[in-house]
């Protein structure tokens, strides 16, 4: 390394430090800007979220076919679906549909394979809690069963062709 390269490196280093410090010092003299969330925001935060925002998951049980596609595609097993054959009704019924939002990584892999769009993201995101069991959402009430939705043949053809 020559003497000129040595002094050029020192000059470049000093210039770089000076540029960084000017940015830092400019923030020291600015008036701080703090938004008092959620009390004093101009609009509710939910209104400012984009349409494709990934908040908590919600399941529309009226159109859920209990196909288990969402549970099978979930990479971290935060969805648990239990079905059984009901002898009295002579058909398959849902006995449990739980989503553990504490485990969910909001990847969207469960929403894509759903044939009816029953599982989808909401704009709800405020889930701060000390008790993780409060983030376990059950969509089938305890000790109850839900008969899965059966799509009509026309609906099935339309979803396949679409």
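Bear in mind these aren't lab numbers, they're just calculated from the coordinates by the rules spelled out. Remember, predicted model here, so these are calculated numbers, not experimental data. Cβ atoms come from the backbone with ideal geometry, glycine included; neighbour counts cover every protein chain shown.
Couple of notes before you dig in:
- For segment 55-84, filtering for residues that are over 15 Å from residue 117 (Cβ atoms), assigned to a loop (DSSP other than H, G, I, E, B) and touching a residue at least 24 places away in the same chain (Cβ under 8 Å) leaves 7.
- Residue list for segment 39-52, restricted to those being surrounded by 10 or more Cβ atoms within 10 Å (Cβ to Cβ) and either touching a residue at least 12 places away in the same chain (Cβ under 8 Å) or part of a helix (DSSP H, G or I) (or both): 45, 46, 48, 49
- Whichever residue in segment 101-145 is in contact with a strand residue (DSSP E or B) (Cβ under 6 Å, 6 or more places away or on another chain) and surrounded by fewer than 14 Cβ atoms within 10 Å (Cβ to Cβ) and, among such residues, is nearest to residue 77 (Cα to Cα): 138
- Of the residues making up segment 113-131, those that are more than 11 Å from the chain's Cα centre (by Cα) and assigned to a loop (DSSP other than H, G, I, E, B) are 113, 114, 115, 116, 117, 118, 126, 127, 128, 129, 130, 131.
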